[in-house]
1. To the nearest Å, what is the center-to-center distance of the range 96-117 and the range 181-229, using C-alpha atoms only?
2. If R₀ is 45 angstrom, what is the calculated FRET efficiency for the pair L223 and Q243, using the beta carbon separation as r and rounding to 0.05?
3. Run the numbers on the range 107-181 and let me know its relative contact order in percent, using alpha-carbon pairs under 8 Å that are six or more apart.
4. Relative contact order for the chain: what is it in percent, counting Cα pairs under 8 Å that are at least 6 residues apart?
5. At a Förster distance of 25 Å, what's the computed FRET efficiency of E95 paired with E125, Cβ-Cβ distance as r, to 0.05?
6. Which residues' amide hydrogens lie under 5 Å from the amide hydrogen of V154, considering only partners 5 or more residues apart or on another chain, with H built in the peptide plane?
7. Once amide H atoms are built 1.01 Å from N in the peptide plane, which residues 5 or more positions from R98, or in another chain, come under 5 Å H to H?
8. Based only on Cα atoms, what mean projected area does the convex hull of the chain have, in nm²?
Amino acid sequence: MSVNTKGLKGQFHKTANIVSNAPSSPEVQLELSGFVKNYIEVKPSTYVQLRSTGGKPASQTVEFNSGVPGELLFTKMEVSPGIQQGIETKLVRGEDKRSYTLEITSLYKEIGNNQGQILIQTNNEKKPEISLRIIAVVQGPIQVAPQRLHFGNVRRPAQPGALKRTIWLKKTQGADFKITGLEYDHDAFELQVVDRKPGEEYIIMVSLKPEKLKQGLQNETILIKTDHEEMKSISIPVVLVVQ
């Protein structure tokens, strides 16, 4: 009995049932328990989301601890070009020389979503590189989810569920708002606005028109118009691949 430990962390417990023709024990259950220790433990996660409002800085601290004997040394750290100007980092090595703390601060002020990564090179032969995924979100008075619509691979004839997505808008602060208009490709989409709570919360139902789909990669945009002074237009990219 073996266990693939890829993706496992901490304590694990696995069982297996063996069925035989032995009259005394026709079925036997095997149990295997263990503990998976990372070469380098990253807390709280390799996924870092920095969410701010009103252009105020947002920070998060990531901790790194060696899970094997010997010193831990970070030999190089790189921030991807797309977010170099928008985030600030402060890396401090622990006194035990087996740990680090990395403080990541978002300096973005414009409303929007900025994504990139931080790559860290280490002296650990088993874990020579650590990749942190960084998402810096500046939240405006209207929260929008998702920031991008993905339909994935759409096959023809397409199943109805694969052709529908939703966009959610909700007031987070300030005055009420209304959706005053929608700009999109009417040949490719059908949109319907649902007032969940007029002035505060709306859902936009987005449906693809299968008879109008063209084969290949398609990049579209849905533009949502509102009467809010700070967010008069909201752009939602739409990506799909028609097979």
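No value in this document is a laboratory result; all are computed from the given coordinates. From a predicted model like this one, the values you see are computed outputs, not experimental measurements. With ideal geometry, Cβ positions are generated from the backbone for all residues, glycine too; neighbour counts draw on all protein chains shown.
1. If you average the Cα positions of each part, the centres end up 33 Å apart.
2. Working: r = 27 Å, r/R0 = 0.61.
E between L223 and Q243, to the nearest 0.05, is 0.95.
3. Reported as a whole number, the value is 27 percent.
4. Details: 504 pairs, mean separation 35.5, N = 243.
Here the relative contact order equals 15 percent.
5. Computed FRET efficiency for E95 and E125 comes out at 0.55.
6. V241, V242, Q243
7. Here the answer is L72, since their amide H atoms fall under 5 Å of that of R98.
8. Value for the chain: 21.2 nm².
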